[in-house]
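Each remark here refers to the structure printed beneath this line.
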Amino acid sequence: MINKSFFTLFFIACIFIMPNFCLAQDTKIDSTDFSNQTPFRKGRWLTGLTGSIGSGSNENTETKNKSISNWYRFEISSGIFLIDRLNIGLSMNMERDNVENENEEQTSEIFFVGPKGAYYLSPNSIGSVFFSLSPGYVLYRETIGGFVDDIYIENVNKGGGFGFLSTFGFSYVIHDRILFELGLNYNVYWLNLNQGNNVNDNLKSVSYELSNISFSFGFKILIDSKPL
């Protein structure tokens, strides 16, 4: 299990402890000369889609047991630059993981929504390293099904909780309007779940932490809220 305290404190400190980031943003620049201004400038909206996908298979040569896994994650976000390079907005994230073998099938789904803050370190017109943090509410559902003595048993865990989504990456600017982003994501969730199955009506409440690391890529669009 990854140490959640280290990552959480790191990203909170990075976003909220930034000296001199509140300088005045009133300098007027020729809007036709993009080489002398940051694309991440005050008043612009940033909207886009990022995500990742994976698939694989494993085989135990001793037991001849094969398993197939499929996983995807995507995030839709939108926000405005309150000052140059500091973007505040909203993020929605969905993850799905499915693993199948000869004995059982396991599927988990996560839906997350919450505010998002992102800071771009460089004013360079070509692109910038960035980091972001999004705290919010999460819904979780997991099903594990398989045959036991010719009887199909499906265990279900579902509920909600609180989570943090954090990303460290690089954003490449395509002619001041379109961004291509690559990111390393660390997500952590604290969940309160109800556990049950299709055999009896007994429910059990459990609480635990779930975390994961992934890479993502995607495109985003920069839109001026008013003419420069």
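Structural remarks
- With respect to being closer than 21 Å to PHE168 by Cα, basic (Lys, Arg) and touching a residue at least 24 places away in the same chain (Cβ under 8 Å), ARG73 fits the description.
- Within region 85-125, if we keep just the residues that are over 30 Å from ILE68 (Cα atoms) and among the hydroxyl-bearing types (Ser, Thr, Tyr), the residue that is surrounded by the fewest Cβ atoms within 10 Å (Cβ to Cβ) turns out to be SER122.
- Condition check for SER128: surrounded by 13 or more Cβ atoms within 10 Å (Cβ to Cβ) and either out of contact with any Leu (no Cβ under 7 Å at 6 or more places or on another chain) or not charged (D, E, K, R) (or both): yes
- Unmet requirement for CYS22, which otherwise passes all of (1) farther than 24 Å from VAL173 by Cβ; (2) exposed (fewer than 14 other Cβ atoms within 10 Å of the Cβ); (3) modelled with pLDDT under 90: (1)
- Exactly one residue out of VAL199, VAL206, VAL188 is surrounded by fewer than 18 Cβ atoms within 10 Å (Cβ to Cβ) and part of a strand (DSSP E or B), and it is VAL206.
- Top-ranked residue in region 60-117 [being within 30 Å of GLN37 (Cβ to Cβ) and of a type in the set (Ser, Thr, Tyr); ranked as farthest from the chain's Cα centre (by Cα)]: SER78
The values are calculated or read from the model by the stated rules, or taken from the named source; none is laboratory data. Since we're looking at a predicted model, the values are computed, not measured. For neighbour counting, all protein chains shown are included, and Cβ atoms are generated from backbone atoms with ideal geometry for every residue, glycine included.
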